[in-house]
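Report on the structure given below.
The values are calculated or read from the model by the stated rules, or taken from the named source; none is laboratory data. Model, not experiment: these values are computed from the prediction. Methodologically, a virtual Cβ is constructed for each residue, glycine included, from the backbone with ideal geometry; neighbour enumeration extends over all protein chains shown.
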């Protein structure tokens, strides 16, 4: 199934918003929270902030959609969000924050108590989950292709 251009444009635009929020949040964590709370509490606050932001953005996105998207579109949008957001975060951490590749990879290790992988998972699942929570009958009846 081919993705409409508007799905890709929405995905890209919202991915940029998410990436900018993640970058700012990571900078606040590194330069403010870590010195006050220590690394791990700052890491947990950082992850919680991002997870909440992703959920709110996904809910607002689905609540204000004015054209018919299917489950597939929301799945693809989530995949795009997850990949783009993770790639942006890794590039930002390496080039702007000066982290080593080892430190960046360590951020995704659940065995070490690092929860950064949850950001990818939440970004991936958020659009489709918000769509399903909103109720497909309401969306499909409002934007039915047979009404055109």
Is it fair to say residue 85 is assigned to a helix (DSSP H, G or I) and at pLDDT below 85?
-> yes
Flagged in segment 18-29 as at pLDDT 90 or above and buried (at least 17 other Cβ atoms within 10 Å of the Cβ), in numbering order, are 25, 29
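This table checks each residue for (1) more than 21 Å from residue 77 (Cβ to Cβ); (2) assigned to a helix (DSSP H, G or I); (3) touching a helix residue (DSSP H, G or I) at 6+ places or on another chain (Cβ under 6 Å).
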| residue | (1), (2), (3) |
| --- | --- |
| 10 | no, yes, no |
| 13 | no, yes, no |
| 40 | yes, yes, no |
| 49 | yes, yes, yes |
How many residues are more than 10 Å from the chain's Cα centre (by Cα), assigned to a helix (DSSP H, G or I) and modelled with pLDDT of 85 or more if we restrict to segment 88-128?
-> 12
Per the filter on segment 56-67, residues within 14 Å of residue 132 (Cα to Cα) and either out of contact with any helix residue (DSSP H, G or I) (no Cβ under 6 Å at 6 or more places or on another chain) or crowded, with 18+ Cβ neighbours inside 10 Å (or both) are 58, 60, 61, 62, 63, 65
